[in-house]
1. Being out of contact with any strand residue (DSSP E or B) (no Cβ under 9 Å at 6 or more places or on another chain), touching a residue at least 60 places away in the same chain (Cβ under 8 Å) and either in a loop (DSSP other than H, G, I, E, B) or over 22 Å from L200 (Cβ atoms) (or both) is the filter here; which residues of the range 118-135 pass it?
2. Just checking, does the range 136-144 include any residue being of a type in the set (K, R) and in a helix (DSSP H, G or I)?
3. Before we move on, is F284 part of a loop (DSSP other than H, G, I, E, B), in contact with a strand residue (DSSP E or B) (Cβ under 8 Å, 6 or more places away or on another chain), buried (at least 19 other Cβ atoms within 10 Å of the Cβ) and modelled with pLDDT of 95 or more?
4. Inside the range 287-324, can you point out the residues that are basic (K, R), within 20 Å of W175 (Cα to Cα) and outside any helix (DSSP H, G or I)?
5. Check whether at least one residue in the range 139-157 is touching a residue at least 24 places away in the same chain (Cβ under 8 Å), closer than 22 Å to P279 by Cβ and in contact with a helix residue (DSSP H, G or I) (Cβ under 7 Å, 6 or more places away or on another chain), and report yes or no.
6. With the range 180-258 as the region, which strands (runs of 3 or more DSSP E) entirely inside it contain at least 1 residues that are of a type in the set (D, E)?
7. If I ask for residues that are farther than 16 Å from Q301 by Cα and among the β-branched types (V, I, T), which ones from the range 190-209 would you list?
8. Would you confirm, using the coordinates I've provided, whether L84 is part of a helix (DSSP H, G or I) and touching a residue at least 24 places away in the same chain (Cβ under 8 Å)?
Amino acid sequence: MTGFPHTFALFGANGQIGSFILHALLTCAKQSFTVKCFIPPGSPAPEEISGKDQAECLELDLTKISREDLAKHLQGIDVVVSALNGPALDSQILIQDAAADAGVQRFYPSEYGMHHIYRKPNDPQGYVHPLWDSKARVNEKALLHPAIESGKMSYTLIGCGDFYNQDREKVWCPWTQKDVDSYTFHVIGDPNARADFTHLSDFAEYLVATICEPEKSHNAHLNFVSDTISHTRIAELLRTYSGKPVHVEVLPESEMHIVLARPDAAPENLRGKDVSAFPVDFWFLVKGAQGQDRFRWPLGQRANDLFPDVKKTTFETYFRQRFEKQ
């Protein structure tokens, strides 16, 4: 990347992850950025940009716009960050093509997670959940894009642990819920197995840190972890800081295999859109991998130390800060 990046295009700026990235960009202490936010038609504009001269918001239907027209919107942009997910993720291919046409120097594909192979009992074949596979497909294209192969564009792919402060997730992140008398954890497998977790604010600050030092993140796959901890220890900390009862309900690993085969077999209180934004089989797969003690990045694949100014919000810090405010 030539020169220090100043202008950004953020796709999915009003989503759960995108909103944290937008906040980190607009509050960065090291550098002032100009941000062009792209959101779906009819969706609310991010509150973060209100009154900010360095940010603007555009509504675009990525399923209808042409590559040529999108490239016009990306003229003068240094960095494109994709925070798309779900069905919108397929539009990332069009976005990168248009970014290449516009001369964008750095592309951040939407990764922001950790993928695992699902292994059925007595089956030598490995399987990847469709949600993970959809990211793998578009990101394979992103990293092998002709503009990257030619050196005209670089990439930064960022993975992380399980985002643990998703307030919308009542079952996935029960500790985020307020005005409750007690907390219930649903664990699959070993509750003492440790897993990698990442705080959304930490992740967004890490992404911005990689932009502030673009030479360190040039054509790099980086992973950031805020805490490595077991559900047993999380429960202990939550009891200490909340002063409320915490129940840990442990399901056997066999339950994961049942639900992966038949999602409608999941307990009623653990499925449905009012329970989680994620499909129940995906929820069971992630928690099952955590209970198998394999939801962790190997030490050599963690890149926290590359950007030491980004502090890790551990569960203990998160609980202390949260309950001190109450």
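1. Once the filter is applied, which keeps residues that are out of contact with any strand residue (DSSP E or B) (no Cβ under 9 Å at 6 or more places or on another chain), touching a residue at least 60 places away in the same chain (Cβ under 8 Å) and either in a loop (DSSP other than H, G, I, E, B) or over 22 Å from L200 (Cβ atoms) (or both), the range 118-135 yields only P121.
2. Looking only at the range 136-144, we keep the residues that are of a type in the set (K, R), and these are 137, 141.
Now drop any that are not in a helix (DSSP H, G or I), which leaves 137, 141.
Checking the range 136-144: at least one residue is of a type in the set (K, R) and in a helix (DSSP H, G or I).
3. Details: part of a loop (DSSP other than H, G, I, E, B): no; in contact with a strand residue (DSSP E or B) (Cβ under 8 Å, 6 or more places away or on another chain): yes; buried (at least 19 other Cβ atoms within 10 Å of the Cβ): yes; modelled with pLDDT of 95 or more: yes.
The answer is no for F284.
4. Of the range 287-324, the ones basic (K, R) are 287, 294, 296, 302, 311-312, 320, 322.
Still in the list and also within 20 Å of W175 (Cα to Cα): 287, 312, 320, 322.
Across the range 287-324, the qualifying residue is only K312.
5. Applying the first criterion (touching a residue at least 24 places away in the same chain (Cβ under 8 Å)) to the range 139-157 yields 139, 141-143, 145-148, 152-157.
Remaining after also requiring closer than 22 Å to P279 by Cβ: 139.
Add one more test, that the residue is in contact with a helix residue (DSSP H, G or I) (Cβ under 7 Å, 6 or more places away or on another chain), and what stays is none.
No, the range 139-157 has no match at all.
6. Numbers: elements: 183-188, 194-198, 220-224, 227-230, 246-251.
Result: 194-198, 227-230, 246-251.
7. V208
8. Numbers: part of a helix (DSSP H, G or I): no; touching a residue at least 24 places away in the same chain (Cβ under 8 Å): yes.
No; evaluated as a whole, the condition is false for this residue.
The values are calculated or read from the model by the stated rules, or taken from the named source; none is laboratory data. All values derive from a computational prediction rather than experimental measurement. Note: ideal-geometry Cβ built from the backbone for every residue, glycine included; neighbour counts use all protein chains shown.
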